[in-house]
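The values are calculated or read from the model by the stated rules, or taken from the named source; none is laboratory data. Given the structure is predicted, the values throughout are model-derived calculations rather than measurements. Here the Cβ is made from the backbone with ideal geometry for all residues, glycine too, and neighbour counts use every protein chain on show.
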Amino acid sequence: MNKPASVPEHFDAVVVGAGFSGLYMLYRLRQLGLSVKVFDSAGDVGGTWYWNRYPGARCDIPTTDYTYSFDPELEKEWTWSEKYATQPEILEYLRFVADRHGLRSDIEFSTAVTSARWDEPAKRWRITTDRGKEVRCRYYIMATGCLSMPKSPDIEGAGRFAGQVYFTSRWPHEGADFTGQRVAVIGTGSSGIQSIPLIARQARQLTVFQRTANFSIPAHNGPAPADRLEQLDEGRDAYRHAARWSRGGVPLEPTDVLGVTASESVRQERFETAWEQGELFGILNVFADQGVNPASNDIVAEMIREKIRSAVKDPETAEALCPKDHYFGTKRPCLDTGYFETYNLPHVRLVDLRKHPIVSITEDGIETADESFGFDAIVYATGFDAMTGALVAADVAGRDGLSLEEKWAPGPSTYLGLMTAGFPNFFMLTGPGSPSVLSNMTVSIEQHVDWVARCLEDMRDEGLETIEPTALAEAGWDQHVQDCGAITLYPTANSWYMGANVPGKPRVFLPYIGGVDAYRQACDEVAAQDYLGFRMTGPGGARCRDGVVRSMQPDVAMVLEFVAALGLPPMETLSAADARALMAATAEDRPPGPEVGEVTDGVIPGPAGDLPYRLYRPAGPPGGSRPLVVYFHGGGWVLGNLDSDDPLCRDLCARSGAVVVSVNYRHAPEVRFPAAALDAFAAVQWADANAIELGGIPGQLAVAGWSAGANVAAVACQLTRDAAGPHICGQLLICPVVDSDMTRPSYEENADGYILTTALMRWFWDHYADPADRGDPVAAPLRGDLQGLPPACIVAADFDPLRDEGVAYARALEAAGVPVRLTRARGHTHTSVTMVDVVISGAPVRAEIGEALRDFFPSAEPPGM
Ligand code: NA7
């Protein structure tokens, strides 16, 4: 008996979308014994592959990898016919999967969900559809895809054209026949690049309107690659496991070859191999640094441009097809079959919209600034409101009626790309903030579905009914997603990854670029730590272990992993001589730091003999005077020298426009406390007295230091004050040692694993000063008189045992009336801010340091004077 229409049906879960993610979600939810309803506005399964039926539509990940792995029998029964299967074959595959698992019975096709409202008292979602149906469910799961909401044709007059109009994203099922027609294609993303060669085969005339030239490499399609099939035959499970724990969702050994240092022959060889292979992850892996270093990226980009120039006969067209306004990879690169060669056909023409912008679409064609074109058909290959479009359009309102559209107006905010605060029991598969479009989608889909299924199972086992991220966890994840993007070149491009293709959309980096492997690790950790950052409630009680799953800068984490893998002995187990040798060895291959105008070495008369110094003069005309910064290197009074901090000194010099004089002081254990501090004091006196000879401006002198160097810098300021001169304009203290009290919380929190450990700091103190001396302000400047000291800039890093004493010094100086700028090096360790050109995320912190140094010298002549 049918239920009366007025009584809403209840389901444990409602899923929107019956593509790759929706189908697998349904399968897993059924496995859990949950009642499920799937809605899809399409007439059948397929999602993306149902709608995008344009000629030439194929996936751009080899189909051997673009496939479900959850069903080993399915894998045996289905064989892909090509390296990159066509849309009809992928659609056929999804139909096969739906039939094999009898999934269709729970799917309502040709039904769009029109709204969803969270009913707080009932702890249920109320879902309405365009068929006037209302259903209730506990869990609402969006399997709506990342590229499913077509972008509206934002071109003047788009509605006026009287001929045939096609959208690649909504291609008619009966196909299109362009024989004998004059056809326009607008858009040269993947859809345009795949369809243009095939449309050209039929059309009498084809005109392509290109706004942005795109990078594309030949797919070299054909049978599935034999080596890949062999690997799968030999060990399917191992292969799939490797995919799950790879960076992109396809097994691939990340290269460590740097574009900037590789020889020309290595560059060519690596590029040609990737070109021949015809795979996106291959061409994105020519050099380890091509995604972060503009110079390296340009090497690959130029090689691709050369290929385009050699494929296209007309030099002007070739040049217009060469992408020059974005770094390679920062917009989704394409795979093609004969795309560039198509422009050699006499009836195919390219219109460069940068030079000849469209003024309007007219009734019978397109008008550019200087030409009128008549067409029989216009094909829009203009892309999607990616990643957020379909979610926002679904009219979802969570707790207190807050809509997703309102919440995400400044850009999407999610925890793990899976959920968003204020929307209990609302899951997004491959949502913004997850690897999704930067990865092999099928691997990311399976990971998300498995995570959600496991979460729901755990909740059921624990008697929990609602789950929602906390504001803290979500803000932390959003920050991490942006931090990961910020160290790459991706945010520089006007791409749909940045929301830049849709007018008015906030510019935010949408996907997670930290890697499928790192992402999976984070999701697993969250689950293993009692669902860290989620609030859960139900008859089983309420629980919330609040926190942030990733707060370290991603490149800092990479450096730590790299160092850990070296298996070096802990420094504190070595002799001072061996520790110095180890430090020198690890610095051997690092980048040199920025160019400066001039570097000269000299000696200073110290209290007990000469002290070596190295002077860095900024670039600019010779002879000009600059402010002077006397700098002291780090190394716990035991390690370090002029070489150890050379890249940092260059960086400080370049950023501040000051002459930097780096002074080596006497080291412990050979010469103990207070030698280092007294040397620093003497160096400041000497630099002031010799300012003119050093190229400095008399009276414009600051001191600076890192770690123990910052300790002696701070002490030098106190001693100088006591000696009534000279005048010091400012003190820059980067992660300073200012106290010998090792009981502050940062010592415990960061005791181990961040290079400067608590044990190592103890070793430094033991080498430097007797316990009886450690309370002396000359060892622990925090304990000194702080009145009348120069303005300070103090850098405190999150993952540094010394963090809290740095902050304490800033507070104490402030209390003593000293102007202080406290710079928090978010997500950094004691050493990472100083790793110039290694830890990219340190650059903004050093930019602040440079600004602080310049601020010390308000009357300084600008650099170059
Ligand atoms: P894309 O990659 O977003 O490409 C859309 C193209 O359309 C791109 O070249 C756009 O230029 C162009 N476009 C968009 N709007 C306009 C207007 N108003 N005027 C002229 N040109 C315009 O979408 P696809 O469908 O090709 O591919 C999407 C993804 O699907 C693809 O990356 C694969 O992952 C699968 P723009 O670059 O914005 O200047």
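Remarks
- Any hit, segment 393-402, residues being small (Gly, Ala, Ser), buried (at least 18 other Cβ atoms within 10 Å of the Cβ) and touching a Cys at 6+ places or on another chain (Cβ under 8 Å): no
- Subset of segment 93-140 [of a type in the set (A, V, I, L, M), over 38 Å from the mean Cα position of the chain (by Cα) and more than 23 Å from residue 28 (Cβ to Cβ)]: 122
- The selection criterion, being surrounded by 17 or more Cβ atoms within 10 Å (Cβ to Cβ) and among the aliphatic types (A, V, I, L, M), holds for residue 286.
- Any hit, segment 599-620, residues being β-branched (Val, Ile, Thr), out of contact with any Pro (no Cβ under 7 Å at 6 or more places or on another chain), without any contact (Cβ under 8 Å) to a residue 60 or more places away in the chain and more than 20 Å from residue 728 (Cα to Cα): yes
- Pair list, Cβ under 8 Å, 6 or more apart: segment 381-393 residue more than 30 Å from residue 206 (Cβ to Cβ), other residue within 11 Å of the ligand (Cβ to nearest atom) and polar (S, T, N, Q): 387/436; 390/148
- In segment 349-367, the residues that are more than 12 Å from the ligand (Cβ to nearest atom) and either among the basic types (Lys, Arg) or closer than 15 Å to residue 187 by Cα (or both): 349, 350, 355
- For the residues 108, 134, 156, the requirement of being of a type in the set (Asp, Glu) and under 23 Å from residue 448 (Cα atoms) singles out 108.
- Filtering 651, 679, 688 for residues that are more than 22 Å from residue 718 (Cα to Cα) and in contact (Cβ under 8 Å) with a residue 24 or more places away in the chain leaves a single hit, 651.
- In segment 494-551, the residue that is surrounded by the fewest Cβ atoms within 10 Å (Cβ to Cβ) out of those that are within 16 Å of residue 421 (Cα to Cα) and of a type in the set (Ser, Thr, Tyr) is 537.
- The single condition from (1) surrounded by 12 or more Cβ atoms within 10 Å (Cβ to Cβ); (2) assigned to a helix (DSSP H, G or I); (3) out of contact with any His (no Cβ under 7 Å at 6 or more places or on another chain) that residue 619 fails is (2).
Residue-wise test of (1) closer than 17 Å to residue 193 by Cα; (2) surrounded by 16 or more Cβ atoms within 10 Å (Cβ to Cβ); (3) aliphatic (A, V, I, L, M).
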{"site": "304", "(1), (2), (3)": "yes, yes, yes"}
{"site": "334", "(1), (2), (3)": "yes, yes, no"}
{"site": "365", "(1), (2), (3)": "no, yes, no"}
{"site": "368", "(1), (2), (3)": "no, yes, no"}
{"site": "371", "(1), (2), (3)": "no, no, no"}
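- Residue within segment 286-300 that is within 16 Å of the ligand (Cβ to nearest atom) and modelled with pLDDT of 95 or more present: no
- Screening segment 71-94 for residues that are part of a loop (DSSP other than H, G, I, E, B) and not β-branched (Val, Ile, Thr) and picking the one that is surrounded by the fewest Cβ atoms within 10 Å (Cβ to Cβ) gives 81.
- Within segment 507-524, being away from the ligand (no atom under 16 Å from the Cβ), part of a loop (DSSP other than H, G, I, E, B) and either among the polar types (S, T, N, Q) or over 21 Å from residue 448 (Cα atoms) (or both) holds for one residue alone: 508.
- The set of residues in segment 784-830 being among the aromatic types (Phe, Trp, Tyr) and under 28 Å from the mean Cα position of the chain (by Cα) consists of 799 alone.
- Scanning segment 247-264 for any residue that is part of a helix (DSSP H, G or I), crowded, with 16+ Cβ neighbours inside 10 Å and at negative phi turns up nothing.
- Residue 151, sole failed condition from (1) within 9 Å of the ligand (Cβ to nearest atom); (2) touching a Lys or Arg at 6+ places or on another chain (Cβ under 9 Å): (2)
Conditions (1) among the acidic types (Asp, Glu); (2) away from the ligand (no atom under 16 Å from the Cβ); (3) touching a residue at least 40 places away in the same chain (Cβ under 8 Å), marked per residue:
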| residue | (1), (2), (3) |
| --- | --- |
| 50 | no, no, yes |
| 60 | yes, no, yes |
| 75 | yes, yes, yes |
| 91 | no, no, yes |
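- Condition met for residue 195 (within 19 Å of residue 350 (Cα to Cα), outside any strand (DSSP E or B), of a type outside the set (D, E, K, R) and within 13 Å of the ligand (Cβ to nearest atom)): yes
- Residue check, residue 816 among the hydrophobic types (A, V, I, L, M, F, W, C) and free of Cβ contacts under 8 Å to residues at least 40 places away in the same chain: yes
- Residues in segment 154-173 that are crowded, with 18+ Cβ neighbours inside 10 Å and more than 9 Å from the ligand (Cβ to nearest atom) were compared, and the one that is farthest from residue 377 (Cα to Cα) is 171.
- Output for segment 622-642, where each listed residue is of a type outside the set (S, T, N, Q), in contact with a strand residue (DSSP E or B) (Cβ under 6 Å, 6 or more places away or on another chain) and in a loop (DSSP other than H, G, I, E, B): 634, 642
- Screening segment 174-189 for residues that are of a type in the set (A, V, I, L, M) and assigned to a strand (DSSP E or B) and picking the one that is farthest from the ligand (Cβ to nearest atom) gives 183.
Listed here are the residues, each with its yes/no results for (1) surrounded by 14 or more Cβ atoms within 10 Å (Cβ to Cβ); (2) acidic (Asp, Glu); (3) within 37 Å of the chain's Cα centre (by Cα).
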position: 582; (1), (2), (3): yes, no, yes
position: 585; (1), (2), (3): no, no, yes
position: 593; (1), (2), (3): yes, no, yes
position: 607; (1), (2), (3): no, no, no
position: 625; (1), (2), (3): yes, no, no
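- Where a residue in segment 424-440 is of a type outside the set (Phe, Trp, Tyr) and its partner, wherever it lies, is outside any loop (DSSP other than H, G, I, E, B) and within 12 Å of the ligand (Cβ to nearest atom), with Cβ under 8 Å and at least six apart: 430/436; 430/437; 430/441; 437/497; 438/497
- Residue-level check: of (1) assigned to a loop (DSSP other than H, G, I, E, B); (2) more than 21 Å from residue 62 (Cα to Cα); (3) away from the ligand (no atom under 16 Å from the Cβ); (4) free of Cβ contacts under 8 Å to residues at least 40 places away in the same chain, residue 201 misses just (1).
- Boolean, residue 332 is closer than 16 Å to residue 212 by Cα, within 16 Å of the ligand (Cβ to nearest atom), touching a strand residue (DSSP E or B) at 6+ places or on another chain (Cβ under 9 Å) and outside any helix (DSSP H, G or I): no
- Test: residue in segment 120-139 that is among the basic types (Lys, Arg), loosely packed, with under 15 Cβ neighbours inside 10 Å and either over 30 Å from residue 7 (Cα atoms) or within 11 Å of the ligand (Cβ to nearest atom) (or both): no
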